Amino acid sequence: MQRVRLGDLLLEMGMISQEQLLDVLEAQKSSKEKFGELLIRKKILTEEQLIEVLEFQLGIPHINLFRFPLDPSIVRLIPEGLARRYLALAVKKEKNHLTVAMADPMDFYAIEDLRMSTGFVIDPAIASRADILTFIERVYTISETVEELRSLVPKEDELEQEVTNEESPVVRLVNQIIDQAVQQRVSDIHIDPDDQEVLVRYRIDGLLQTQQSLPKYMQGMITARIKIMSDLNIAERRLPQDGRIQFDLGLHMIDIRVSTLPTVNGEKCVLRLLDARNAVMDVNRLGLSAENTTHFQSMISASHGVVLITGPTGSGKTSTLYAALRSVATPQKNVITVEDPVEYRLTGLSQVQVNQSVGMTFARGLRSILRQDPDIIMVGEIRDTETAEVAVRAALTGHLVFSTLHTNDAVSTITRLMDMGIESFLVASSLVGVVAQRLVRRVCSECAEHYTPTPAEMAWLSQYGFSVEHLMRGRGCGYCTKTGYRGRIAIHEIVKTDENLRSLIVNRRSEKELRDYVLSQQFRSMQEDGLQKAALGITTVEEVMRVTMRE
């Protein structure tokens, strides 16, 4: 390989200026970071741009690790310590040559160290830093533990001892699965038993991705370990169970909600990760448009009444509720919540945990709260008529009540309350407004590119008056694990009750009539809100349609 300095090459190509080159070189003197890493951190270039330079200008091959069949025995030709130090992954062996994917294939000292360590001639290739880190975790941690577990199939009477011993391979395996999930911003871990194997699947940005395929005989050990961690009955395999884990990450703890479910292939486990670091606790960070922010602020500032947040499971309703509570909770107000479960602990307010096994339901908790002189009440979810009635009557007696409801849109929430048996005049008198929301994936900031909209996309945009020459989409990179998306943002629709809408509700007008009136009041639907975000390059039209189109 031609030995050339990356900075000189980038300067010659006009991708960086002389001033930027000197700035990065100066920063290198007081930093252990490499030249390329500093360019990326300072946002002078993206990782994708660097890869393209190395690939097309120097002829260094680019490897997509997610599409490359990796052999763990070849990967382990490089000791784990060197792999992590140099961010290097052995991917192919031919005679005395070893192809190594590297984040910095121009690090000649690393290449020489790898040659001396392995005894092979090193053929460097380039892969993204995020890709290499992901596969180092998979091969050197989980895969090694799986190999160790292959020789360990404990008998029934030895199982509990094996899953409680902190040094055992099964304990390490479950910890590694959770650790890796946290690193990849996973919201849910699915342990799915199949006929011949056990699949470990991660839900990232709303979509499930298969992460590992484990041998079938490990199913019982993994399930038993998860039950021990969440204080569940290890012997009960016929009934669903729910539990909770507090998992120590070293610098901080995360809460994990655990659910087990008996299936024909064995028990399925789902772990929901609740990391307070990722929680949105600020109204201004909810993704509300300027217009919707104004509406929402006026609703949660009301002196009394019911404010409802609606949407399916996993649509970010709880985050919106917590942000609203943080916005209105002051030392002068008594704020009490009743939740199932308490997902995040907030200072300055009292949080009550629902416990069905001892009769502590939402309705019972809400009645008790009313005897605690509250100013603001948050009910995690209105699940039944009893809870709905107590919430409405609490609002009519001078309390501000926040809650959630499972409905498809804002208008149908009104008819849903009446279908639950709440009198129309009570709904009209108590309801301040409804926020309906969904989550859409954000375009990856590292690999975003402009493109010309298709005729279908133009048609959708023009339907709401949006006219754009270009839209944004992600090409797919290591930062977003080749999906083109990283992170999510909410899209909303808000209905505020005014006198005319209250009159329609009292007279029990149909959902269509309610919707027609709302549409006449410059109402912005979730689809319109989403398409506006697509026009701004935050998400894609395809993603908005995926989330908002009805069957």
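Numerical summary
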read-out: Average accessible surface area per residue within the chain, 1.4 Å rolling probe, Å²; value: 48
read-out: Helix 526-535 axis, angle to the chain major axis (alpha carbon atoms, nearest 10°); value: 30
read-out: C-alpha center-to-center spacing [region 308-346, region 61-101] in angstrom; value: 47
read-out: Helix-derived mean residue ellipticity, 222 nm - over the chain, DSSP H n ≥ 4, -39500 (n - 2.57), to 500; value: -11000 deg cm²/dmol
read-out: Built amide H within the under 5 Å cut-off of L431, gap 5+; value: V306
read-out: Size of electric dipole in region 1-153: Cβ of Lys, Arg +1 and of Asp, Glu -1, about Cα centre, debye, nearest 20; value: 280
read-out: For D194, distant residues with modelled amide H under 5 Å away; value: L199
read-out: Accessible area (Å², 1.4 Å probe, nearest 10) - K92; value: 80
read-out: Pairwise FRET efficiency - M549 versus T294, Cβ, R0 = 25 Å, nearest 0.05; value: 0.35
read-out: Filtered trypsin sites (Lys or Arg not before Pro), region 494-551: DSSP coil and at most 11 other beta carbons within 10 Å; value: R550
read-out: Degrees between helix 290-300 axis and first principal axis of the chain (Cα, 0 to 90, nearest 10); value: 50
read-out: Global geometry of the chain, whether rounded, prolate or oblate, following the gyration tensor of its Cα atoms and the 1.5 cut on a/c; value: oblate
read-out: Of H295, G398, A127, farthest towards positive along the dipole that unit charges on Lys, Arg, Asp, Glu beta carbons give the chain; value: G398
read-out: Karplus 3J(HN,Hα) series, Hz, for region 118-125 with 6.51 cos²θ - 1.76 cosθ + 1.60 (x for Gly, Pro); value: 9, x, 9, 6, 8, 9, x, 10
read-out: Unpartnered cysteines - no second Cys beta carbon under 4.7 Å - across the chain; value: C269
read-out: ³J(HN,Hα) computed for each position of region 442-455 - Karplus, 6.51 cos²θ - 1.76 cosθ + 1.60, integer Hz, glycine/proline x; value: 7, 5, 4, 6, 7, 10, 5, 9, 7, 8, 7, x, 6, x
read-out: Whether region 312-396 is rounded, prolate or oblate, judged on the alpha carbon gyration tensor where a/c under 1.5 counts as rounded; value: rounded
read-out: Anisotropy class of region 180-255 from Cα gyration tensor, a/c 1.5 cut; value: oblate
read-out: Cross-link partners of K227 among lysines (Cα-Cα below 19 Å; sequence separation of 8 or more within a chain); value: K155, K216, K268
read-out: Degrees between helix 47-57 axis and first principal axis of the chain (Cα, 0 to 90, nearest 10); value: 30
read-out: Restricting region 350-429 to GluC sites (Glu not before Pro) in coil, as DSSP defines it, with at most 11 other Cβ within 10 Å; value: none
read-out: Probe 1.4 Å, all protein chains present, accessible-area order of S213, S467, largest first; value: S467, S213
read-out: Eligible lysines near K34 by straight Cα distance, threshold 27 Å, same-chain separation 8 or greater; value: K42, K43, K92, K482
read-out: For region 513-525, Karplus couplings with θ = phi - 60° (6.51, -1.76, 1.60), whole Hz, Gly/Pro x; value: 5, 4, 5, 4, 5, 4, 5, 6, 9, 6, 6, 10, 6
read-out: Sites matching trypsin sites (Lys or Arg not before Pro) across region 181-281 that sit in DSSP coil, with at most 10 neighbouring C-beta atoms within 10 Å; value: R238
read-out: Spatial separation of Cα centroids for region 219-271 and region 469-511, in angstrom; value: 33
read-out: Heavy-atom accessible surface of region 346-492: percent carbon and sulfur, 1.4 Å; value: 46
read-out: Long-range amide H partners of R488 with built H, under 5 Å; value: R442
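The values are calculated or read from the model by the stated rules, or taken from the named source; none is laboratory data. These figures come from a predicted structure and were not determined experimentally. In this analysis, Cβ positions are derived from the backbone assuming ideal geometry, glycine residues included, and neighbour counts consider all displayed protein chains. Protein only, heavy atoms only, side chains kept; ligands, DNA and RNA dropped before computing areas. Shrake-Rupley method; radii C 1.70, N 1.55, O 1.52, S 1.80 Å.
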